[in-house]
2 protein chains.
Amino acid sequence: MTNLTLALDAMGGDNGPQVSVPASLQALRFNPNLKIILVGDQTKISPYLTDTKDIQSRFTVIHTDEVVTMTDRPAQALRNRKNSSMRKVIELVRDGGADACLSAGNTGALMAISKVLLKTLPGIDRPALIGRLPTSSNKPVYVLDLGANVSCDSETLFQFAVMGSVVCEVVEQNKSPTVSLLNVGIEEIKGNDQVQQAGLLLQESPQINYSGFIEGHEIYSGSSDVIVCDGFVGNITLKTSEGIAKFLIARLKKGFTKGIIVRFLSKLVTPHIESVFNQMNPDHYNGASLVGLRGVVVKSHGNADKVAFTNAINLAVTEAQRRLPELISERLKSIL
Amino acid sequence: MTNLTLALDAMGGDNGPQVSVPASLQALRFNPNLKIILVGDQTKISPYLTDTKDIQSRFTVIHTDEVVTMTDRPAQALRNRKNSSMRKVIELVRDGGADACLSAGNTGALMAISKVLLKTLPGIDRPALIGRLPTSSNKPVYVLDLGANVSCDSETLFQFAVMGSVVCEVVEQNKSPTVSLLNVGIEEIKGNDQVQQAGLLLQESPQINYSGFIEGHEIYSGSSDVIVCDGFVGNITLKTSEGIAKFLIARLKKGFTKGIIVRFLSKLVTPHIESVFNQMNPDHYNGASLVGLRGVVVKSHGNADKVAFTNAINLAVTEAQRRLPELISERLKSIL
């Protein structure tokens, strides 16, 4: 692996430097070719920079005491947070000081600042947040948009479909990924105008392996490689999935308190059940990418712990290594 | 219980009379005060009407050979399916021949025909499909709209909130149910225009116990009694929940095939796990109601089996007994 530099917004997310800094140190130790630029409040970052002699030469801290808050509107963040840690990491990617950036902060702001500073790829109007989810069939499904755009017209959904197809092709080495539109039914008459019109656009695009509409219960079946929806639906769908997984494990554990035999058995079996649920744990799939930009921008869950944050760092590294934006751009040229 | 008559679309859904007729006979045997009018193709219904001497006086068959198909657009169904089994059951409610009707057919058509034939309650523009889902806190959550309206403006979402609040109040005897709007974040700036505007309308309504936005992962937490969204989001959210439950049980079972000890334990524990998952089984929560109409209209899952269909029948009976439309109408008068 060639040397890579990651610019990391140390302040974003619910936990800030308490999680982002230890995760960075772990990633640096794991990956000897990685350099990390930690951007944020030096006084809040420093307490976590202990015992770092072995990796001292591979990280730097850029101080800024301004942050984008969770309640900043995207336009406000763009206009008023010129010295924020989030903006700085994106500027580093734009100016060539870093190969990728990562933030656990405000998604709308990350999207708005990235779009203005990095610009979208030719043919793409709006970046989308794409995530990789597990399925029953042991191959992942790529879902976009997971929350960067709360409303999308049919042309935007079409562009998301093209980007999703290219990402799956590039990352999974899947030559002809199937692409579906998330809808309330599989019949042509179903859905709102945006989805129906996007379906027509995709039917007319021989370079996309469009397989029609898909319903919510099929997301995790593995029947489609790429699923497209607007960011409002995508965000709620993803979070609902997390909620139901938690709900079921709570019910399972509660059920196991009934009866002595079941209680005894549960002690033996519970670790196994938890390991299964962990495969579904969003932390293990942490990190969604803003695709459609001229640079790698990865978004971590706001409430990521160290393990989850490290996974998001790994995702940013992988995308930078594979030069994902350039690959998407090349494929887009031939499709659009 | 007073005598009640249910008009049942025997042809709707994936399984038609094969499921709807046996479920009807079971419901009749269970409930001596119930009468059922089976509407549909006599030749397809008859084969399932065996050994019915004990309940012969409490069901009738009204023959019609026209059906609403799953690919009929709502407007087509309304215009062209004048003799359909779906329309007939709604006409029976309108004309006083039945106290409630039930169909497992095309949701959009059921909504359109019900709206035109039964009319909406004063102050309500569009009926909504409301369902009752389980939560971690052992009280149900009412979610609407589950798919009757694929796009909704803020005023419609507001009306749904009012109806949901009244349904929860009436059915659960909850004097001040908390009502939330499903959104991509809890901060005021989050979401699309419709949700934000609906939030403002609800803030200004002291008679609704509005508790703000709620995210997908909180749906099953029990933190809100009523959750409001448009039918596109609601339908996908509900089906995603079903999908993830199936996904997890498949993973659990697969995991249990690894290792002799785990395999042995799994035989003892699997029935317990399945019983827990069954609490979440959509069949046990089958039946969603079209609320906001001047009559009881219940929609069963299209792929309901006999148990699930019987649950939908029970729901229709309960709502007719409690005279839900009249109660909603009374409460609406004081709120709107």
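Descriptive notes on the structure:
- Here the Kirkwood formula, the inverse mean of 1/r across different C-alpha pairs, assigns the stretch A:57-117 a hydrodynamic radius of 11.8 Å.
- Once Rg and the Kirkwood radius are both taken over the C-alpha atoms of the protein assembly as shown, their ratio Rg/Rh works out to 1.01.
- Average partner coverage of A:208-218, which counts Cβ from other chains inside 10 Å: 3
- Label separation (B:S151 vs A:S137): 3.2 nm, computed from points 7 Å beyond Cα along the C-beta direction.
- Note on B:T71/B:E204: beta-carbon distance plugged into 1/(1 + (r/R0)^6) with R0 of 35 Å gives a FRET efficiency of 0.25.
- Mean separation of Cα pairs under 8 Å and 6 or more residues apart, divided by the residue count, gives the stretch A:80-134 a relative contact order of 29 percent.
- Isotropically averaged projected area of chain B, using the convex hull of Cα atoms (one quarter of hull area), nm²: 18.9
- Selection among A:A128, B:L38, A:V184 by position relative to the dipole of the protein assembly as shown gives B:L38 as farthest towards the positive end (Cβ unit charges, Cα centre).
- A point 7 Å from Cα along Cα→Cβ stands in for A:T120, and the other copies hold the same point at 3.4 nm, listed in rising order.
- Gaussian network model of chain B, springs between alpha carbon atoms under 10 Å - residue of B:R126, B:R73, B:R294 with greatest fluctuation: B:R73
- Max mean-square fluctuation residue, GNM over chain A, Cα-Cα springs under 10 Å, options A:L146, A:L252, A:L290: A:L252
- Helix runs (DSSP H) in chain A reaching 27 Å along axis by Cα, Kyte-Doolittle at least -0.5: A:231-255, A:260-280
- Net +/- balance of residues flanking B:G231 in space, Cβ distance below 10 Å, scoring K and R +1, D and E -1: -1
- Helix-only arithmetic for chain B: the sum of -39500 (n - 2.57) across DSSP H runs with n ≥ 4, divided by the residue total, places the mean residue ellipticity at 222 nm at -14500 deg cm²/dmol.
- Restricting the stretch A:185-253 to GluC sites (Glu not before Pro) in coil, as DSSP defines it, with at most 11 other Cβ within 10 Å: A:E204
- Cα-based shape type of the stretch B:6-74, given that a ≥ b ≥ c are square roots of the gyration tensor eigenvalues and the cut on a/c is 1.5: prolate
- Ranking B:T2, B:T107 from most to least accessible surface, computed with a 1.4 Å probe over the protein chains only, gives B:T2, B:T107.
- B:V150, A:V116, reordered so the largest accessible area comes first (probe 1.4 Å): A:V116, B:V150
- Counting only other chain Cβ atoms within 10 Å of each residue's Cβ, the peptide A:227-240 averages 6.
- Other protein chain Cβ atoms within 10 Å, averaged over every residue that makes up A:182-188: 6
- Gyration tensor (alpha-carbon) shape descriptor, the stretch A:52-173, a/c threshold 1.5: oblate
- Applying 1/(1 + (r/R0)^6) with R0 = 51 Å to the Cβ-Cβ distance of B:D305 and A:L327 gives a FRET efficiency near 0.60.
- Rel. contact order, % - alpha carbon contacts under 8 angstrom, at least six apart, chain A: 22
- Sequence-distant residues sharing a close amide H with A:I227 (under 5 Å, placed H): A:Y142, A:V143, A:L144, A:S180
The values are calculated or read from the model by the stated rules, or taken from the named source; none is laboratory data. Predicted model only: the values in this text are computed from it and were never measured. Ideal geometry is used to build each Cβ from the backbone, glycine not excepted, and the neighbour counts take in all protein chains shown. Accessible surface is based on the protein model in full, side chains and every heavy atom, while ligands, DNA and RNA are left aside. Shrake-Rupley method; radii C 1.70, N 1.55, O 1.52, S 1.80 Å.
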